[in-house]
Amino acid sequence: MINRRKFIHGSAFTSFAALLANKVQAMPSQEIVTGKPVVISTWDAGLAANKAAWDVLSKNGKALDAVEKGVMVTEDSQNCCVGLGANPDRDGFVTLDASIMDDKFNCGSVAFLERIKHPISVARRVMEKTPHVMLVGAGAQQFAVAEGFPLEEQKLSEDAKKAYENWLKKSEYKPPAINVENKQGHGPFAPAKLESGEWNHDTIGMVAMDSFGNLSGSCTTSGAGFKMRGRVGDSPIIGAGLFVDNEVGACTATGQGEDVIRVAGSHSVVELMRQGLSPEAACKKIVERIVKIKGDKVKEIQVAFLAVNKQGQVGSFAIHPGFEYAIKNSTEEKLVKSKSWFNPVKNIQ
Ligand code: SD4
């Protein structure tokens, strides 16, 4: 169990006022300007996902196809907490959320979907084949099966099984304290350390600009581990976990979905970019809004936004240090550490 002292950063502070006083962002804003096409996605799983997206983008493919193909890699991965092997809800069932949005405000999503391997592709079918934007639960599953998606057996990964058995001992839905020193847990979304030693996350959000300059985005997740049955996060909610306006830019979110939803996070970031803010500045403003709303409780949650604007400028901002994103274009392929509202903390016992 992580010691509470571990997330109190540096000097002692006990109140929200003190928290505000300690807020620092010393780093100069050096946003990455990329050529098109470009793809960016959340966390380190984004590296593999970006490769698949790049296969599409580098052949003058559409951003929409790229963001679907990209996150399918993550949904497929046995070592990942995004797809069917992920942490279950508190009743032991894996329930998945996903959304997709193109350059013409077409969008589709699924939520509380069980036993389907590629929720992102079901979300795309919702967008393309139904008059609706969102299908949930049994209805989403029924639609997926009718569209030819196989109904899989739920098979928790070994890591998820262990985590669930461990959770059952107390059966408490209580976010673990944040340890900003390691891969910086983020409430109930603390990254899982896999047997392989890798860290993993339960969400991937991806936005891309293709060689025609068109934007699209996708977001797919198993949501919060051991959540209440029926809980849906921000990822399938257009405007919260994902938003694309082809005239302005695109944004995706990760972290505590409830806090992303309450500020219509991704939509708010895009609106600020419309007003002229850079992607990083826009992400920062919405993080600050959440920080203000949460007061002292901000210590317990992580939220991060990742955005690209129409000029190919990329930026992100998180509440806590440790959020990273993967970027790929014709000249580079790398993980970038995000700036954050809290300072990076070193050597905390
Ligand atoms: C959710 N935003 O369901 C997702 C979880 C997440 O990294 O992003 N985890 O609230």
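The values are calculated or read from the model by the stated rules, or taken from the named source; none is laboratory data. It should be emphasised that the depicted structure is a prediction, and the values quoted were computed from it without experimental measurement. So basically every Cβ, Gly included, is an ideal-geometry build from the backbone, and we count neighbours across all protein chains shown. Heavy atoms of the whole protein, side chains included, go into the accessibility calculation; ligands, DNA and RNA do not. Shrake-Rupley method; radii C 1.70, N 1.55, O 1.52, S 1.80 Å.
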Out of Val232, Val248, Val260, which single residue is open to solvent by less than 10 Å² (accessible area, probe 1.4 Å) and aliphatic (A, V, I, L, M)?
Val260
Quick count over region 288-304, residues being in contact with a strand residue (DSSP E or B) (Cβ under 7 Å, 6 or more places away or on another chain) and free of Cβ contacts under 8 Å to residues at least 40 places away in the same chain, is 1
Test: Ser99 is among the hydroxyl-bearing types (Ser, Thr, Tyr) and farther than 17 Å from Thr252 by Cα
no
Residue list for region 48-93, restricted to those being within 16 Å of the ligand (Cβ to nearest atom) and open to solvent by 20 Å² or more (accessible area, probe 1.4 Å)
Ser77, Asn79, Leu84, Asn87, Arg90, Phe93
Please specify each residue of region 22-47 satisfying the condition of being of a type in the set (A, V, I, L, M, F, W, C) and at pLDDT below 70.
Val24, Ala26, Met27
Evaluate the following for Val260: is it closer than 14 Å to Val207 by Cβ, out of contact with any His (no Cβ under 9 Å at 6 or more places or on another chain) and either assigned to a loop (DSSP other than H, G, I, E, B) or of a type in the set (A, V, I, L, M) (or both)?
no
Taking the options Lys297, Lys328, Lys292, Lys284, name whichever one is modelled with pLDDT under 95, charged (D, E, K, R) and either under 23 Å from Leu64 (Cα atoms) or open to solvent by 10 Å² or more (accessible area, probe 1.4 Å) (or both).
Lys297
Check Val136, Val122 and return the single one that is open to solvent by less than 40 Å² (accessible area, probe 1.4 Å) and aliphatic (A, V, I, L, M).
Val122
